[in-house]
Amino acid sequence: MLKNVPSLQRLVDQLRRIPFLASRNLYRVAAYFLEVNDQEVDQLCAVLREVRANVRRCAVCYSWAEKDSLCIVCAAPQRDKTTICVVETWHDLCAIERAGVFRGVYHVLGGSLCPLEGIGPNDLFIAPLLARVQNDVREVIFATNPTPEGEATASYIAAKITSSDITISRIASGLSTGSTLEYTDSVTIHKAISGRRQF
Ligand SMILES: [Zn+2]
């Protein structure tokens with residue numbers, strides 16, 4: 001169907017490379033770009049270039065931040081820097097922030113351990129977390145996802161934190177096994193964090 005419209009075919013092929021964009025939506029998104037005015041398309045291209053140029057990992061927690069700045073959580077003086085909530089991804093962090101229950105700071109691992117996919121400890125931001133907990137940290141809360149990989153990642157890191165001065169906890173169940181924080185409602189996240197149990 002797209003054979004006679006090679007430019008449109010290229011757009012659909014490009015969209016198909018975007019993870020999480022459901023394949024049933026590819027044609028709708030392609031049609032959107034054809035129907036909006038040039039200014040909208042230019043704006044999107046400009047924003048994409050800008051975000052690529054200006055956004056980096058926060059030097060402390062590895063969340064996203066504006067280049068050469070700390071992220072909004074690490075930069076906030078009222079956040080409790082002695083309590084670190086460990087999450088797999090930035091979007092998990094956003095889900096917890098939306099729930100509005102946590103007043104500490106975060107550490108983003110960049111994923112979870114998955115030997116089958118070749119993701120080992122050195123592929124995640126585990127070493128910087130272990131360095132961080134050496135400095136005045138009282139509690140580390142693991143909020144990795146309740147998947148086998150998330151559980152294994154939390155156990156692996158918890159075993160590396162040897163200081164007896166640090167309380168290590170895991171968010172409470174209530175999140176259904178196999179689900180991810182990103183798609184969990186705020187009330188459930190609230191309960192999971194306030195009901196956390198010691199590792
Ligand atoms: Zn940060």
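The values are calculated or read from the model by the stated rules, or taken from the named source; none is laboratory data. Since we're looking at a predicted model, the values are computed, not measured. Glycine gets a Cβ as well: all are built from the backbone with ideal geometry, and neighbour counts include every protein chain shown.
Report every pair of residues separated by at least 6 positions or lying on different chains whose Cβ atoms are under 7 Å apart, first residue within the range 50-67 and closer than 17 Å to Thr89 by Cβ, second more than 8 Å from the ligand (Cβ to nearest atom) and in a loop (DSSP other than H, G, I, E, B).
These pairs meet every condition: Val55/Lys67; Arg56/Lys67; Tyr62/Gly110; Tyr62/Phe125.
Do we find that Asp165 is out of contact with any strand residue (DSSP E or B) (no Cβ under 7 Å at 6 or more places or on another chain), acidic (Asp, Glu), free of Cβ contacts under 8 Å to residues at least 40 places away in the same chain and closer than 15 Å to Phe199 by Cβ in this structure? Even if it seems obvious, please write down each step before you answer.
On the way: out of contact with any strand residue (DSSP E or B) (no Cβ under 7 Å at 6 or more places or on another chain): yes; acidic (Asp, Glu): yes; free of Cβ contacts under 8 Å to residues at least 40 places away in the same chain: yes; closer than 15 Å to Phe199 by Cβ: yes.
Yes: the conditions hold for Asp165.
Hey, can you tell me all the residues within the range 89-102 that are in a loop (DSSP other than H, G, I, E, B) and modelled with pLDDT under 95? Step through it out loud before you land on a result.
Kept after step one, since they are in a loop (DSSP other than H, G, I, E, B), are these residues of the range 89-102: 89, 100-102.
Those that are in a loop (DSSP other than H, G, I, E, B) and modelled with pLDDT under 95: Gly100, Val101, Phe102.
One residue is enough: does the range 12-29 have a residue meeting the conditions within 24 Å of Leu130 (Cα to Cα) and basic (Lys, Arg)? Explain how you work it out, then say what you get.
Initially, the range 12-29 is screened for residues within 24 Å of Leu130 (Cα to Cα), giving none.
Among the residues of the range 12-29, not one is within 24 Å of Leu130 (Cα to Cα) and basic (Lys, Arg), which makes the answer no.
Working carefully through the options Gln43, Gln9, find the one that is among the polar types (S, T, N, Q), under 28 Å from the mean Cα position of the chain (by Cα) and either surrounded by 12 or more Cβ atoms within 10 Å (Cβ to Cβ) or at pLDDT 95 or above (or both).
Details: Gln9 fails: under 28 Å from the mean Cα position of the chain (by Cα).
It is Gln43.
Which residues, taken from the range 12-33, are of a type in the set (A, V, I, L, M) and exposed (fewer than 11 other Cβ atoms within 10 Å of the Cβ)? If you could, list the steps in order and put the result at the bottom.
At the first step, the residues of the range 12-33 found to be of a type in the set (A, V, I, L, M) are 12, 15, 18, 21-22, 26, 29-31.
Answer for the range 12-33, where residues must be of a type in the set (A, V, I, L, M) and exposed (fewer than 11 other Cβ atoms within 10 Å of the Cβ): Ile18, Ala22.
Of the residues Cys58, Cys71, which is in contact with a helix residue (DSSP H, G or I) (Cβ under 8 Å, 6 or more places away or on another chain) and surrounded by 14 or more Cβ atoms within 10 Å (Cβ to Cβ)? Show your work before the answer.
On the way: Cys71 fails: in contact with a helix residue (DSSP H, G or I) (Cβ under 8 Å, 6 or more places away or on another chain).
Within the list Cys58, Cys71, the selection yields Cys58.
Which residues, taken from the range 89-106, are away from the ligand (no atom under 11 Å from the Cβ) and farther than 17 Å from Val137 by Cβ? Talk me through it step by step, then tell me what you get.
First pass over the range 89-106, keeping only residues away from the ligand (no atom under 11 Å from the Cβ): 89, 91-92, 94-104.
Passing the criteria: Thr89, His91, Asp92, Cys94, Ala95, Ile96, Glu97, Arg98, Ala99, Gly100, Val101.
Taking the condition surrounded by 13 or more Cβ atoms within 10 Å (Cβ to Cβ), under 19 Å from Thr144 (Cβ atoms), touching a strand residue (DSSP E or B) at 6+ places or on another chain (Cβ under 8 Å) and free of Cβ contacts under 8 Å to residues at least 24 places away in the same chain, does Gly111 pass? Reasoning before the result, please.
Details: surrounded by 13 or more Cβ atoms within 10 Å (Cβ to Cβ): yes; under 19 Å from Thr144 (Cβ atoms): yes; touching a strand residue (DSSP E or B) at 6+ places or on another chain (Cβ under 8 Å): yes; free of Cβ contacts under 8 Å to residues at least 24 places away in the same chain: yes.
Yes, satisfied.
Would you check if there is a residue in the range 107-117 being within 16 Å of the ligand (Cβ to nearest atom), outside any loop (DSSP other than H, G, I, E, B) and either within 30 Å of Val133 (Cα to Cα) or not charged (D, E, K, R) (or both)?
Keep residues of the range 107-117 that are within 16 Å of the ligand (Cβ to nearest atom), which gives 107-110.
Checking the rest, the ones that are also outside any loop (DSSP other than H, G, I, E, B) come to 107-108.
With either within 30 Å of Val133 (Cα to Cα) or not charged (D, E, K, R) (or both) added as a condition, the list becomes 107-108.
Looking for residues that are within 16 Å of the ligand (Cβ to nearest atom), outside any loop (DSSP other than H, G, I, E, B) and either within 30 Å of Val133 (Cα to Cα) or not charged (D, E, K, R) (or both), one finds at least one in the range 107-117, hence yes.
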